[in-house]
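The values are calculated or read from the model by the stated rules, or taken from the named source; none is laboratory data. This is a predicted model, so every value here is computed, not measured. So basically every Cβ, Gly included, is an ideal-geometry build from the backbone, and we count neighbours across all protein chains shown.
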Amino acid sequence: MNASRRPSDVVIWRKDDTRELWVWRAQRLAAALLRAVNDRHALIDGNKRASMRLTDEFLGLNGYHLEGSSELLVEIGWTAGRHGYPSDAALAEVLHPLVVSGAPEAPFDERYPQVIADLAR
């Protein structure tokens, strides 16, 4: 299965879902996307950086964004790159406190240049 298609297969929206449940599902889908890019090695180089950018972009399309310390975001990227999260749900739990409502003021690369640089090493 293609890494870019995997998150669409993880969770589906149901008419009876509450807003709170939708937020959890968006986080779970974001976690699935982050893991899929790293697990499937979608790119020859730059999977960790791309996965963080894509996760933030996906959340942005759904009215949220990642916000946290550079150190924690780097740790998440490296752990995902080493396949250190046993499931999408486990990673979603880690992402939960970092997912903030609202559009970000700038793209992930501009908000966290140090994270991008550290994930390139």
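I'm checking my understanding of the structure. Among residues of the range 70-102 that are part of a helix (DSSP H, G or I) and among the β-branched types (Val, Ile, Thr), which one is surrounded by the most Cβ atoms within 10 Å (Cβ to Cβ)? Steps first, answer last, please.
Initial filter on the range 70-102 (part of a helix (DSSP H, G or I)): 70-81, 88-98.
Still in the list and also among the β-branched types (Val, Ile, Thr): 74, 76, 79, 94.
Values: 74: 20, 76: 26, 79: 15, 94: 17.
Among those residues, the one meeting the criterion is 76.
Picking from 37, 23, which residue would you name as being closer than 20 Å to residue 121 by Cα, modelled with pLDDT under 95, part of a helix (DSSP H, G or I) and not polar (S, T, N, Q)? Quick ask: steps written out before the conclusion?
Numbers: 23 fails: closer than 20 Å to residue 121 by Cα.
Exactly one residue qualifies, and that residue is 37.
Output the number of the condition that residue 112 fails; it satisfies all remaining conditions of (1) hydroxyl-bearing (Ser, Thr, Tyr); (2) surrounded by 22 or more Cβ atoms within 10 Å (Cβ to Cβ); (3) touching a Gly at 6+ places or on another chain (Cβ under 8 Å).
So the condition that residue 112 fails would be (3).
Condition first: part of a loop (DSSP other than H, G, I, E, B) and either closer than 18 Å to residue 53 by Cβ or not basic (Lys, Arg) (or both). Can you find one or more residues in the range 109-116 that meet it? Step through it out loud before you land on a result.
From the range 109-116, those part of a loop (DSSP other than H, G, I, E, B) are 112; that's our starting set.
Still in the running and either closer than 18 Å to residue 53 by Cβ or not basic (Lys, Arg) (or both): 112.
Yes, there is a match, as at least one residue in the range 109-116 is part of a loop (DSSP other than H, G, I, E, B) and either closer than 18 Å to residue 53 by Cβ or not basic (Lys, Arg) (or both).
So if I check each of 69, 87, which one is out of contact with any helix residue (DSSP H, G or I) (no Cβ under 7 Å at 6 or more places or on another chain), more than 21 Å from residue 102 (Cα to Cα) and either at pLDDT 95 or above or not charged (D, E, K, R) (or both)? Step through it out loud before you land on a result.
On the way: 69 fails: more than 21 Å from residue 102 (Cα to Cα).
After applying the criteria, what remains is 87.
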